[in-house]
Amino acid sequence: MELKNAVAVVTGANRGLGRHLAAQLVERGAKVYAAARRPETVDVPGTVPLRLDVTDEASIREAARIASDATLLINNAGISTGATLIGGDTDEVRREMETNFYGPLAATRAFAPVIEGNGGGAVLNVLSALSWFHPAALGSYAASKAAAWALSGATRDELAPRGIAVSALHVGYMDTDMAAGVPADQKVAAADVAAQALYGIEKGLPEILADETSRYVKESLSAAPRPNAG
């Protein structure tokens with residue numbers, strides 16, 4: 001997909017990876033709707049702030065109505081609550097799934113006819129190495145990203161006949177607020193991940209592995225699961 005003159009909607013564009021994606025898209029000559037729950041917090045020069053709450057389908061539909069010229073949707077908004085699946089707060093587990101799975105699903109359903117009507121384009125889902133690796137301490141987050149990986153594969157097949165490519169971005173730890181407690185030498189720069197993501201969109205890559213962690217975990221998928229304790 002050619003990014004110059006593309007029209008992109010980036011969710012969660014007010015900070016972190018989303019902010020870098022929005023800024024780099026502007027640099028490449030795209031029109032960018034920088035979407036956030038509070039559009040007044042968007043400060044990326046050259047973008048069009050857009051109210052979009054991925055947990056509110058009415059706001060998603062309204063955003064799709066406003067951004068009626070969109071050709072690219074980047075489902076970047078997400079949360080990590082730290083909830084475990086057995087001992088964690090069920091409300092937090094549901095909130096994580098609502099944001100990280102149902103949010104991208106609702107946004108893709110709303111924008112697919114828009115993108116198709118504008119001649120086709122692409123969707124990028126921002127996922128994680130934890131789509132494939134599921135530690136107990138991050139069970140809720142991993143489950144939501146695993147579901148979003150399945151979403152990416154299924155919608156890729158469903159939307160291809162409509163001229164819409166679907167890519168999934170996987171990364172370990174990024175230098176963003178979500179990974180503030182992780183040592184610096186274990187994190188990759190969000191700007192570098194954004195550049196790799198946009199390159200992957202341009203090349204039509206179905207999966208974009210942005211760091212060594214995601215590549216290692218993907219390569220390990222064929223390994224046998226560890227035996228149960230006891």
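The values are calculated or read from the model by the stated rules, or taken from the named source; none is laboratory data. Keep in mind it's a predicted model, so treat the numbers as computed, not measured. Note that each Cβ is placed from the backbone with ideal geometry, even for glycine, and that neighbours are counted across all protein chains shown. To get the accessible areas, we keep the full protein, side chains included, count just its heavy atoms, and leave off ligands, DNA and RNA. Shrake-Rupley method; radii C 1.70, N 1.55, O 1.52, S 1.80 Å.
So for segment 86-216, averaging the separation of alpha carbon pairs under 8 Å that are six or more residues apart and normalising by length, what relative contact order in percent results? About 24 percent, as a whole number.
Annotation: segment 80-207 has a Kirkwood hydrodynamic radius of 15.5 angstrom, from the mean reciprocal C-alpha pair distance. Angle of helix 16-27 to the longest C-alpha principal axis of the chain, folded into 0 to 90 degrees and rounded to 10: 30°.
In degrees between 0 and 90, to the nearest 10, how far off the longest principal axis of the chain does helix 139-159 point, with axes built from Cα atoms? Here the helix axis deviates by roughly 40 degrees. The residues of segment 78-230 present an accessible area of 51 Å² per residue when probed at 1.4 Å with all protein chains retained. Rounded to the nearest percent, how much of the accessible area of segment 16-79 (1.4 Å probe, protein heavy atoms only) is carbon and sulfur? Roughly 47 percent of what the probe reaches on segment 16-79 is carbon or sulfur. Ranked by the mean number of other Cβ atoms within 10 Å of their residues, highest first, the peptides 82-94, 126-138, 63-75 fall in the order 63-75, 126-138, 82-94.
Sketch the reach of a paramagnetic label on Arg162 as a point 7 Å from Cα along Cα-to-Cβ, and name the residues of segment 58-73 whose backbone nitrogen lies under 17 Å away. Within reach of a label on Arg162: 60-73. The per residue volume of the convex hull around the alpha-carbon atoms of the chain is 125 Å³.
For the chain, modelled as a GNM whose springs connect Cα atoms under 10 angstrom apart, the maximal fluctuation among Gly200, Gly12, Gly117 occurs at Gly117. With the simple model of a label 7 Å out from the Cα in the direction of the Cβ, Glu219 to Ala137 spans 2.5 nm. Dimensions of segment 2-109 from C-alpha coordinates, computed as largest minus smallest value along each principal axis and given longest first, are 48, 27, 25 Å.
Take every Cα pair under 8 Å whose residues are at least 6 apart in sequence, average their separation, divide by the length of the chain, and the relative contact order is 18 percent. Between Glu212 and Glu40, the modelled labels are 4.5 nm apart [label points 7 Å from Cα along Cα→Cβ].
Between the C-alpha center of segment 186-205 and that of segment 81-153 there is a gap of 19 Å.
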